[in-house]
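The values are calculated or read from the model by the stated rules, or taken from the named source; none is laboratory data. Keep in mind that what you see is a predicted model, and the values were worked out from it rather than measured. FYI the Cβ positions are ideal-geometry reconstructions off the backbone, even for glycines, and counts take in every protein chain you see. The accessibility values were calculated without ligands, DNA or RNA, using every heavy atom of the protein model including side chains. Shrake-Rupley method; radii C 1.70, N 1.55, O 1.52, S 1.80 Å.
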Amino acid sequence: DDDDDDDDSDDDDSDDEGTKPAGKEISENHAQYALSYGMMLGIRVTQGRRQISETPASSDPTEADFETINKLKFPPEGSNHPPNITPPHRLAHAFKFKDYAPTVFKKIRTHYGVSEADYMLSLCGDFNFIEFVANSKSGQFFFYSHDGRYMIKTQTKAEGKFLRKLLPSYYQHLKNNTSSLMTRFYGMHRVEMKHINKKMRFVVMASVFYTPLPVHRMFDLKGSTVGREATREERENNDVMKDNDLTMDAVFISLGKNKQAFVDTIKSDAAWLAEHHIMDYSLLLGIHYGQTKSKGVRTISVQLTDNEIERQKKFWQDNGMGIRVWAEDEEQRIVEEG
C-alpha cells in the first residue's frame, strides 16, 4: 500500500422541493467535478463504515482520537480487501481519501443535534454540490451541500495543520460554551487524485444562514472602521455589508433580555480566539425583513419545504436563538447570528 507516500500523511493531515443555493451546480462538465465526487464518496464510505473504535458517547475523546487519520484508496472497480473495502465508482482513475479525527467531529455533530443520517443525506445523497463564490482573499474554494445546510471550504496544508493543533481546545470550548457562536466544524478530510496532480484538503461546516426565513441582508462585522465599508458595486448587488455600513444605514440592534447572554458569549469566544493568537475573524449578522419589501431585495438564503421549516423553527426555539433588530422605521429580525 503506497498510501503514505504523500507529503502530509503523518503530519496534518415534501413534493415542493426547496430552491437550491445561488451558485453553479458542479455537474459532470464542471472543472471541480472529479474532486467533489471524490469528496462525496469518501465521506459516504468513511461515515458509513464505522469500523473505527469509538469511545462511549458520554465520554470525551481520547488523545488518540484527536490524532486519528483514517485512510482509504478508491480504485474504479472497488476493493474487497480489508481494511480498504470500497465500492466501485464512475471515475476513470483511482483516488485516495483521508478522514481526520472522525470520532471527535462526530461528537461535535452529536453535541449540536446533527443526526448521522441527515448529515450523510445532505452531503452524500444523489445531488451535486453547489459552487459558491465568496469575497475571500484566501483563494480557496467554497461549496454548499445541495440543500444549503452545510458549507464545504477547501484548506491549505498550513490551515489543516493549525486546525488539527487547535482541535482539543476547540472541542472543549464548544462543550463548555453551548451558546458559542464559533464556526461549527463537522468534519475534516483530504482527497488526492494523482492523475491530475491534485490534493484537496477541506472542512465541512454548518452553514450560518441555513434558516427557515429568507435572509435579506448580511453584515460581516469585525469591530473596526478602517476600510470597513462596502463598495458601490457591492451595495448595488446587495452583497455582504461591513461595519461602517451598519452605521450609515442606521441599523440599530435591540438585544433586550438576551443582551447579557449575547455579550458574555461574544467575550468568551473572543477570549478563546485571543488565547490562540487568532486575529482575522468576524461576526456574521443576517437580517430578515418582517414586512414585504420591494422586488429589488435579493433573497440570499435557501428556500425550504414546509416540513423543514417546522423542524428549523423547533431548532431555534430549543436553542433560544433570535434577537430583535430595528433599522430605520422598519421591523426586522435576526434569524441567526454567528
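Which is open to solvent by 20 Å² or more (accessible area, probe 1.4 Å), at pLDDT 75 or above and of a type in the set (D, E, K, R), of LYS71, LYS20, LYS24?
On inspection, the qualifying residue turns out to be LYS71.
Pull up the range 121-145, narrow it to residues that are at pLDDT 75 or above and farther than 26 Å from LEU166 by Cβ, then point me to the one that is surrounded by the most Cβ atoms within 10 Å (Cβ to Cβ).
So the residue we want is CYS124.
Out of all the residues in the range 180-190, is one or more within 30 Å of HIS93 (Cα to Cα), among the charged types (D, E, K, R) and in contact with a helix residue (DSSP H, G or I) (Cβ under 9 Å, 6 or more places away or on another chain)?
yes
With respect to the numbered conditions (1) outside any loop (DSSP other than H, G, I, E, B); (2) within 25 Å of LEU121 (Cβ to Cβ), which one is the sole condition not fulfilled by GLY148?
(1)
In the range 58-67, what residues are at pLDDT 90 or above and open to solvent by 40 Å² or more (accessible area, probe 1.4 Å)?
THR62, GLU63, ALA64, GLU67
Just to be sure before I move on: is PHE209 surrounded by 15 or more Cβ atoms within 10 Å (Cβ to Cβ), part of a loop (DSSP other than H, G, I, E, B) and in contact with a strand residue (DSSP E or B) (Cβ under 6 Å, 6 or more places away or on another chain) in the structure I sent?
yes
Check off (1) assigned to a loop (DSSP other than H, G, I, E, B); (2) open to solvent by less than 30 Å² (accessible area, probe 1.4 Å); (3) at pLDDT 90 or above for THR183 and give me the number that stays unchecked.
The single condition THR183 does not satisfy is (2).
Would the range 187-203 turn up any residue that is part of a loop (DSSP other than H, G, I, E, B), crowded, with 20+ Cβ neighbours inside 10 Å and more than 18 Å from the chain's Cα centre (by Cα)?
No, that holds for no residue.
Report yes if ILE52 is out of contact with any Gly (no Cβ under 6 Å at 6 or more places or on another chain), modelled with pLDDT under 85 and of a type in the set (A, V, I, L, M), otherwise no.
Answer is yes for this residue.
Among the helices (runs of 4 or more DSSP H) contained in the range 217-325, which hold 1 or more residues that are modelled with pLDDT under 55 and under 26 Å from TYR112 (Cα atoms)?
Ranges flagged: 306-319.
From the list ASN244, ASN238, which one is polar (S, T, N, Q) and on the phi > 0 side of the Ramachandran plot?
ASN238
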